[in-house]
Protein chains: 2
Amino acid sequence: MKTLGYAILGLLAQESLSGYDLTQLMKGRVGNFWSARHSQIYPELARLEDGGYVTHRVVEQRERPDKKVYEITAEGLSALREWVTQPPPPNVPRDELVLKAYSVWLADPEKAARLFREEALRHKEQLAHYEEMRTWMERERGEDVRRADSPWFAGYAALRRGIIYERGYEEWCNWVADQLEKYMHP
Amino acid sequence: MKTLGYAILGLLAQESLSGYDLTQLMKGRVGNFWSARHSQIYPELARLEDGGYVTHRVVEQRERPDKKVYEITAEGLSALREWVTQPPPPNVPRDELVLKAYSVWLADPEKAARLFREEALRHKEQLAHYEEMRTWMERERGEDVRRADSPWFAGYAALRRGIIYERGYEEWCNWVADQLEKYMHP
DNA sequence: GCGCTATATGTAAATACTGACATATACTAC
DNA sequence: GTAGTATATGTCAGTATTTACATATAGCGC
């Protein structure tokens, strides 16, 4: 099974969801470090069902189209449990902005400085958003978010990764912009 | 043109290289935030030459197979210069380990703690390696590494991103492992 | 001589992912 | 009424990337 399958199982392990629900979640939460469009999710759900990792039931709704709510099976749970402790393949993060920084010495320094300040701002905003979520989680869910055996730990751990990531990213963008501005008017 | 094309142009803007050289570099340096195999690089070089962004000359070698050394053209340089200051599309980092952390509450805490400590160690080692490179760069190349209009800035900026990234990653892995161990023997 | 590694360049098949096409219900704002 | 948005589920074509296949030179150790 591929990574996307485990991403979906990870969400279904917490609550039963429809393909549409999963699509929404894959833009936030887990989606901060894994994303997928509905065109990937629906076929993957079919494959997971084929493999016996999930089942679905059709839920009829008034005033809305019917939906298929997917539930993780015992096999799905044990496969997920196994996967979690297997070492992941070495990860090479792909980041176009670092690539741009690599060639920034060729560019117009003012334009480039503007770009990196804007990016710094974007990451600062994302960081603020994450910090808000963290405060909310800690207040609403209490000490459970830090309990590694609680389902609340899932989102909290991912969130902490996001906070560290965004903090570092903002810092780096501003450093690049600083260097650019330092040599802008010599 | 796609991102890989600009990654290659970014390297060729500093020095002329063969496809094989580029393949080696795409495992390190720029490769820390962008990677590609030779099976992607050779066809892309052909496309770049088709578009007039690079040219090549065959260099005959004794005791080794002949090679094609690629050089960036004026068009290539100006395309690269333009691209650098264009805002990149929003980047969703994909990280399987964060996904695993998301489902870690289901796993055996001892196995999981071991995994996250190992990962922390890997990132600590990578960090040490980057720090070494940074010291070397600062000593060998002097103040130029901080000059945003110097070609030495390229690798130095990417390196600084790597250092911040690895520091943050190690910190997070250890935090996850701490939580796991805290509730291991209750 | 034989296997291993490094250098050197390519192609082809398979997989993963994105973007566009396709359809249907029903509420809301104009 | 009608245009837009949210809910809901799918497929398909194209792009990006990985893995495997394919070939050739030449040094090194056994």
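The values are calculated or read from the model by the stated rules, or taken from the named source; none is laboratory data. Bear in mind that the values here come from a model prediction, so they are computed numbers and not experimental data. Cβ atoms come from the backbone with ideal geometry, glycine included; neighbour counts cover every protein chain shown. Remember, those area values only see protein heavy atoms, side chains included, never the ligands or the DNA or RNA. Shrake-Rupley method; radii C 1.70, N 1.55, O 1.52, S 1.80 Å.
Across the stretch A:37-52, rounded Karplus estimates of 3J(HN,Hα) from the backbone phi angles (6.51 cos²θ - 1.76 cosθ + 1.60, θ = phi - 60°) give 8, 4, 5, 8, 5, 4, x, 5, 4, 5, 5, 4, 5, 4, x, x Hz, Gly and Pro being marked x.
Computed from backbone phi, the HN-Hα couplings of the stretch B:20-30 come to 5, 4, 4, 4, 5, 5, 6, 9, x, 5, 3 Hz, rounded to whole numbers (Karplus: 6.51 cos²θ - 1.76 cosθ + 1.60, θ = phi - 60°; Gly and Pro given as x). How far is helix A:3-12 tilted off the main Cα axis of chain A, in degrees rounded to 10, range 0 to 90? With rounding to tens, the tilt is 60 degrees. A Cβ-based charge dipole, computed about the Cα centre of the stretch B:96-182 with Lys and Arg at +1 and Asp and Glu at -1, lands at about 120 debye.
Computed from Cα atoms, the angle from the helix A:109-141 axis to the main principal axis of chain A rounds to 40 degrees.
Give, as a single signed number, the net charge of other residues whose beta carbon lies under 11 Å from the beta carbon of B:ARG122, with Lys and Arg counted +1 and Asp and Glu -1.
Neighbourhood net charge equals -3.
Distances from B:LYS182 to itself in the other copies, using label points 7 Å out along the Cα-Cβ axis, amount to 3.9 nm in increasing order. Taking the label point 7 Å along Cα→Cβ, B:SER150 and its counterparts in the other copies are spaced 5.2 nm apart, in ascending order.
Please find the FRET efficiency linking B:HIS129 to A:TRP136, where r is the Cβ-Cβ separation and R0 is fixed at 51 Å, and quote it to the nearest 0.05. Kindly include the intermediate steps, with their values, before the conclusion.
Details: r = 38 Å, r/R0 = 0.75.
The pair B:HIS129/A:TRP136 has a calculated efficiency of 0.85.
Within chain A, the longest run free of trypsin sites (Lys or Arg not before Pro) that sit in a DSSP loop with at most 12 other Cβ atoms within 10 Å is A:63-186. Of the two radii for chain B, the radius of gyration is 1.08 times the Kirkwood radius, both from the alpha carbons; that is the Rg over Rh value. What separates the B:GLN86 label point from its copies, with the point 7 Å along Cα to Cβ, is 3.9 nm, written shortest first. Going by a ≥ b ≥ c, the root eigenvalues of the Cα gyration tensor, does the protein assembly as shown fall in the rounded group (a/c under 1.5), the prolate group (a/b larger than b/c) or the oblate group? Taking the square roots of the gyration eigenvalues as a ≥ b ≥ c, the protein assembly as shown is prolate. Between 0 and 90 degrees, the angle of helix B:74-84 with respect to the longest Cα principal axis of chain B falls at about 30 degrees. Magnitude of the charge dipole for the stretch B:15-98, about its Cα centre and with charges confined to Cβ atoms of Lys, Arg (+1) and Asp, Glu (-1), is about 180 debye.
Quote the total accessible area buried by chains B and A together, excluding ligands, DNA and RNA, probe 1.4 Å, nearest 100 Å².
On the way: alone 13100 and 13120 Å², together 18900 Å².
Rounded to the nearest hundred, the buried surface is 7300 Å².
Summing Cβ point charges (Lys, Arg +1; Asp, Glu -1) relative to the Cα centre of the protein assembly as shown gives a dipole of roughly 180 debye. If the label point is 7 Å along Cα→Cβ of B:LYS111, which residues in the stretch A:69-99 have backbone nitrogen under 17 Å from it? So the set is A:74-89. Measuring from the axis that maps chain B onto chain A, the chain B residue with the nearest beta carbon and its rounded distance in angstrom come out as B:GLY168, 2.
When chain B is modelled as a GNM with alpha-carbon springs shorter than 10 Å, which of B:TRP105, B:TRP172, B:TRP83 fluctuates the most? So, out of B:TRP105, B:TRP172, B:TRP83, the one fluctuating most is B:TRP105. Considering only B:PRO43, B:PRO87, B:PRO151, the Gaussian network model of chain B with Cα springs below 10 Å gives its largest mean-square fluctuation to B:PRO87.
Calculate the FRET efficiency for A:THR55 and B:LYS27 from the Cβ-Cβ distance with a Förster distance of 41 Å, rounded to the nearest 0.05. Please list the in-between numbers first.
Values: r = 43 Å, r/R0 = 1.06.
Efficiency for this residue pair is about 0.40.
Here the accessible area of the stretch B:96-182 is 47 percent carbon and sulfur, with a 1.4 angstrom probe and all protein chains present. Accessible area per residue for the protein assembly as shown is 51 Å², calculated with a 1.4 Å probe on protein heavy atoms, without ligands, DNA or RNA.
Projecting the Cα atoms of B:ASN91, B:ASN174, A:ALA74 onto the charge dipole of the protein assembly as shown (Cβ charges, centred on the Cα centre) puts A:ALA74 farthest toward the positive pole. Note on the stretch B:3-84: Kirkwood hydrodynamic radius from all Cα pairs is 12.8 Å, rounded to one decimal. Considering only B:GLN14, B:GLN40, B:GLN86, the Gaussian network model of chain B with Cα springs below 10 Å gives its largest mean-square fluctuation to B:GLN86.
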